[in-house]
Amino acid sequence: MKIKIEGGRLYDLRNNLDGEERDIFIEDGIIVEGFSSADRTIDASGKAIMAGGIDVHSHIATYGLNLIRGTNRFYSPSEIGHIYAKMGYTHVNEPFMTQVTANYVHHELSSIPILDTSAFLVLNLRDVEGKIKSAKHLEEVEKIIPIIIAGTKAIGLKIYEPFVKYAERKYILRNVTAKKVLSFFSGMSRESIPRIIMHTSPELFGEEIENPGGFHFSHVGSAIGNEEAYQKVLSYLNAGATIDLGLFDLEQNLRISNPKQTVGEVFGRVDMGLSEDIVFSKGKVSGSEAPFFAFKLALSQPSNHISFSTDSPANASFEAYPKIFSWLMKAENRANLFDKELPEFEYSLLDIARITRHNPAYILGLKNKGHLGAGAEADIAIYDINEETKPSELEARFKDCAYLIKSGSIVVEDHQMVNDQVEKKTYYRGVEPLDYEPAKIMTSYSTFRFENFIVDEVFTAEEVKI
Amino acid sequence: MSEILYESVVCPSCGCLCDDIDVVVEENRVKSIRNVCEWGISKFLFTKKFTPNVKRGRVEKPMIREKTLVETDYEAAISRAVDILKGSKKPLIYGLTNSGYNAQKIALSIARRLKGLFEPRGAALLSSYYAAMGDSNFYVAPLEEIRNNADLIIYWGCNPIHSTPRHLARYSVYPRGRCKERGSQDRVVFTVDVAENEMGKLSRRFLQVERGTDFLVMETMMKLLREENAEDYKGDIATIENMVRQMTKVSYGAIFFGMGLSAKDNAAKNIENLMALVKELNRKTRFVILPLYDDFNTSGVIQLLIRELKSPMPADFSGDHVAKNSKYSLLENLHEIDAALVVGDDPFWSLPSEKSDLLKKIPMVLIDPYWTRTTNKAQVVFPTAVTGIEAEGIAYRMDGLPLKLKKVLESEYPSDESILGDIYQRLQ
Amino acid sequence: MAKLSMYQLYHYLPKTDCEKCGFSCMGFANRLISRDVRPEDCPFLLEPEYSESLTELNRLLGPEVEKEITGLIIDQEKCNGCGICVTVCEVNMEKSQEVGAGRGPGFSDEVVLRIDNGKIKLVDPQSCRRANPSSHICRACAELCPTKAISLV
């Protein structure tokens, strides 16, 4: 089907569009330069158009969440798809997939309607503890990691614990310090692993990172509780690191964290093979300065290195994104958030498009997403937002987009969900071949054979290798 | 015809889903097979469980009941099945623990469309386990982590040697783990069951309990953990004391429970106490708990229910509020049901007679590869390929991780997924 | 050698349970398997009418004794293929990376014990620790077998 979108104002950093009025032409699920006759024309005059939103960090398929869901405390897959679609999002990245839970995470993600998905592979450093102690194994690990990423159909590598710690004293020699781990991974070549995602914690910011430029620090908001850590993040950004914000809502949310960071009521714990269990809890982060500094950071210096996130559902559920956008965009909307003074900076629509489309696409390596130029995937969100929109109305307008087009199919039409059975894809970073003998150390403590840890396409949506 | 080797096939027998089965196929028959247990080989050779030389009778043609069961063609059988289900006010969709995930999904859609009931086999125990997570928290781990860390394994109300033969060697006691380098020498095993069995030999402690009274043992254990007086327990208190002492001393314990806990309709009570006990133990040390499924995809059907309905309970679509059901098993209300679709199960063998007698009175559609006690009571019978051997599928392991089931043999029969799909289409 | 079962041998015994040898006939069959007795220890078998049975028993047992370099006796009837012996065998672990973690050995891995068609099979007796006089005597597979399918001479 050929669709033409007329009269809308486009917000797209990559194509230098800051509210310019342009028509968009869609053919076969792709944005094209133009065509003469359209099957369908959408009138978008007086509306803001952005590429489909990309969430770089949202726990929607983490192993254990389904058990929370079983007691009715988390969304069902179809609710997730619908809520995101109404907010104008078309791609969500799951940040916690281990090698063992890869099939599970992909199967869960593929059961979410509408959204394209991808996932970060959380590397269990104990599998390579012998290798990362010295830089002489760097080359071998550089070869192994892309294979593990490709096998688990992941889009990037995440390090949740930048150390190897054994509680039992008899394994003390196997421990590897954070310093060693960080210096090992910062020595990696950018060709094989473009950017290593670091789970941020106060402990990580306690370490000195020699070469922060190669890292992406996820949800930094959760870990910057003071001026010192805040300054550290700024210096990492200046050195070329990328971050996502980890902003907060003031409501209580479901936390997925290590035992130290749990608050309030604990729902359960899952042993994912790391040095501590992953704990699911819910409660207010009280007495912490973290929310304040997270917003201070967001309002300090927007750049192409900063993406939006809330570590959903931990700091805020993805459902609260529209509210947080409205806080970022208008100082009056956030006036009562904190006792202390926040910077006066206000996000423009282009800035919002930048932190929710352009930058996440860059972090994930999705070249045909996050922009509206010819050749891009036709994932397009149209919001009822223009100069006349009052600050108080912003939240509702972001929550309820006027149109959503996903891979060239209309999903939301005139604020109504019309079709949730649209084409959806699983994006991953692939290499060939996968049978590199040393990579087998990655399954030496798994119950699966090496062949079976490779995620089969029955668990994913249509696969797209990047 | 030459031999074909299929390596690393997943075994569709029990909830272990061993993924290291190497099958050699010649002329569309399994010629030899490695690493499979005696239960698994019975499945691959289509023979009786644990007796690989006694063939099971396959249903060979679709059948419908005139006065007796007569063979018919597939279309006629589908029509009759659809008529039965459409004419029913409140049909029951039952079984499904030996089907692939996608087949289960279609079956759930059928129940939704017909405004019927959907209950997996063994729901009483499983639903209460998942529901108890809401009150008592959950403590789970993939089997790899149990194998890597656990130094105490407790089998409660189950005999893995019979229900899940390779569980001991692959996941719990004997394999060497990351922090348990000497395998079984680094671990202790306890067994709680109604009668001493093979497990007694390899368990450090064997606690014998009276059938259906496990909850009393758990209560006593909790009292002992809280250092309260537990003298009112009438059983083997010395062993219990001993076990509790050891349970608090270990660094990582794992409890596997089985169908034994559903004896005498006490499933909910037993599970509630067991989960509370695990919560109590987690105050002192680290404990995880997992069910030991003897059907290969029981876990999948529970995952499906949670995903689609946000509740592990059997689904009841008959009311106004879709699927909200607070009962662990709907079979208590069997007399309200006026038709049944049974997939891959033999209720006349597995259900107590007072329940299966009620099934006799209503028309039943049966999808099963084999002749069973139920076959002769059905109105419509479909032959089907065995999932994981003659048809592909997805199954969830007992720890909730999915694996792909491969197809190693060609079959003339359709898979249960495609039969259910055809029925579903005709219901539209 | 692994096929020898107690019942198979019992079939050729007089089944009188006279206990002249010191055991019941079933007990005697059991000890024949473990090579604790010889067929000639039964007085009846020396009588002419049992000569065929004696020959048969010696045929069944005789050449096996030499092959029984491991002293491992497997009763396939009892084996349920749980694979504990495969996992605990130290030599298996040295020979296949898979085994230590509880997985079955790979198709082309050369191991001592493996589960074949749902039953345990001693595929390479030469490599068993028990076949090597210089190494210490290992009893792991037999001791840990839950169904007592493996016994040792």
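The values are calculated or read from the model by the stated rules, or taken from the named source; none is laboratory data. Predicted model, so just to flag it, every value in this text is computed and none were measured. Note that each Cβ is placed from the backbone with ideal geometry, even for glycine, and that neighbours are counted across all protein chains shown.
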Exercise for the section: Please enumerate the residues belonging to the range B:107-131 that are within 14 Å of chain A (Cβ to nearest Cβ) and over 18 Å from the mean Cα position of the chain (by Cα). Expected result: B:109, B:112
Completion exercise
Note on the range B:1-39: residues within 12 Å of another protein chain (Cβ to nearest Cβ), in contact (Cβ under 8 Å) with a residue 40 or more places away in the chain and outside any strand (DSSP E or B) are B:10, B:11, B:13, B:14, B:16, B:17, B:18, B:19, B:37, B:38, B:39
Handout entry: Residue that is surrounded by the fewest Cβ atoms within 10 Å (Cβ to Cβ), among those in the range C:80-92 that are assigned to a helix (DSSP H, G or I) and within 8 Å of chain B (Cβ to nearest Cβ)
Key = C:88
Exercise for the section: For the range B:273-288, state whether one or more residues are surrounded by 23 or more Cβ atoms within 10 Å (Cβ to Cβ) and touching a Pro at 6+ places or on another chain (Cβ under 7 Å). Expected result: no
Completion exercise
Screening A:453, A:448, A:459 for residues that are closer than 30 Å to residue A:318 by Cβ, at pLDDT below 95 and within 14 Å of chain B (Cβ to nearest Cβ) leaves only A:453
Handout entry: Residue ranges of helices (runs of 4 or more DSSP H) in the range B:129-247 with at least 1 members of a type in the set (S, T, N, Q) and touching a helix residue (DSSP H, G or I) at 6+ places or on another chain (Cβ under 7 Å)
Key = B:214-225
Fill in the blank from the handout: The number of residues in the range A:344-385 that are under 23 Å from residue A:398 (Cα atoms), in contact with a helix residue (DSSP H, G or I) (Cβ under 8 Å, 6 or more places away or on another chain) and not in a helix (DSSP H, G or I) is 10
Practice task
With the condition kept exactly as written, say whether any residue in the range B:380-396 is over 30 Å from residue B:170 (Cα atoms) and surrounded by fewer than 24 Cβ atoms within 10 Å (Cβ to Cβ).
Solution key: yes
Exercise for the section: Determine whether the range A:427-443 contains at least one residue that is under 27 Å from residue B:17 (Cα atoms), over 25 Å from the mean Cα position of the chain (by Cα) and of a type in the set (S, T, N, Q). Expected result: yes
Fill in the blank from the handout: Within the range B:65-96, the residues that are outside any helix (DSSP H, G or I), surrounded by fewer than 21 Cβ atoms within 10 Å (Cβ to Cβ) and either of a type outside the set (D, E, K, R) or in contact (Cβ under 8 Å) with a residue 60 or more places away in the chain (or both) are B:65, B:68, B:69, B:70, B:72, B:87, B:88, B:89, B:90
Problem - In the range A:23-46, the residues that are over 17 Å from residue A:369 (Cβ atoms) and within 29 Å of the chain's Cα centre (by Cα) - result: A:25, A:27, A:44
Completion exercise
How many residues of the range B:355-371 are at pLDDT 90 or above, within 28 Å of residue B:43 (Cα to Cα) and not charged (D, E, K, R)? The answer is 7
Handout entry: Condition met for residue B:96 (away from every other protein chain (no Cβ under 12 Å) and touching an Asp or Glu at 6+ places or on another chain (Cβ under 7 Å))
Key = no
Handout entry: Search result, residues across the range C:1-19 that are out of contact with any Ser or Thr (no Cβ under 8 Å at 6 or more places or on another chain), more than 13 Å from residue C:77 (Cβ to Cβ) and free of Cβ contacts under 8 Å to residues at least 24 places away in the same chain
Key = C:11, C:15, C:19
Exercise for the section: Give the residues of the range B:236-260 that are small (Gly, Ala, Ser) and over 29 Å from residue B:130 (Cα atoms), sorted by residue number. Expected result: B:238
Exercise for the section: Considering each of B:352, B:314 in turn, give the residue that is at pLDDT 90 or above and of a type outside the set (D, E, K, R). Expected result: B:314
Practice task
Kindly provide the set of residues from the range B:155-208 that are more than 8 Å from chain C (Cβ to nearest Cβ) and at positive phi, ordered by number.
Solution key: B:157
Problem - Output for the range B:97-120, where each listed residue is surrounded by fewer than 24 Cβ atoms within 10 Å (Cβ to Cβ) and not in a helix (DSSP H, G or I) - result: B:115
Practice task
Using the structure shown, decide if residue C:101 is under 14 Å from the mean Cα position of the chain (by Cα), crowded, with 19+ Cβ neighbours inside 10 Å and either among the small types (Gly, Ala, Ser) or closer than 29 Å to residue A:439 by Cβ (or both).
Solution key: no
Exercise for the section: Counting only residues that are under 22 Å from the mean Cα position of the chain (by Cα), give me the strands (runs of 3 or more DSSP E) lying completely in the range A:220-314 with at least 3 of them. Expected result: A:242-244, A:253-257, A:278-283
Completion exercise
Going through (1) within 17 Å of residue B:345 (Cα to Cα); (2) over 25 Å from the mean Cα position of the chain (by Cα) one by one, residue B:57 fails only at (2)
Fill in the blank from the handout: Taking the range A:98-116 and keeping only residues that are in a loop (DSSP other than H, G, I, E, B) and within 8 Å of another protein chain (Cβ to nearest Cβ), one is left with A:100, A:101, A:111
Practice task
Test residue A:234 against the criterion of being crowded, with 21+ Cβ neighbours inside 10 Å and of a type in the set (A, V, I, L, M), and give yes or no.
Solution key: no
Fill in the blank from the handout: All conditions in (1) in a loop (DSSP other than H, G, I, E, B); (2) within 14 Å of chain A (Cβ to nearest Cβ); (3) closer than 24 Å to residue B:404 by Cα are true of residue B:295 except (2)
Practice task
Please indicate, with yes or no, whether at least one residue in the range B:169-183 is within 30 Å of residue C:142 (Cα to Cα), in the same structural domain as residue B:278 (by TED's automatic domain parsing) and of a type in the set (S, T, N, Q).
Solution key: yes
Problem - Qualifying positions in the range C:73-85 - within 15 Å of residue C:116 (Cα to Cα) and touching a residue at least 40 places away in the same chain (Cβ under 8 Å) - result: C:74, C:75, C:76, C:77, C:78, C:79, C:80, C:82, C:84, C:85
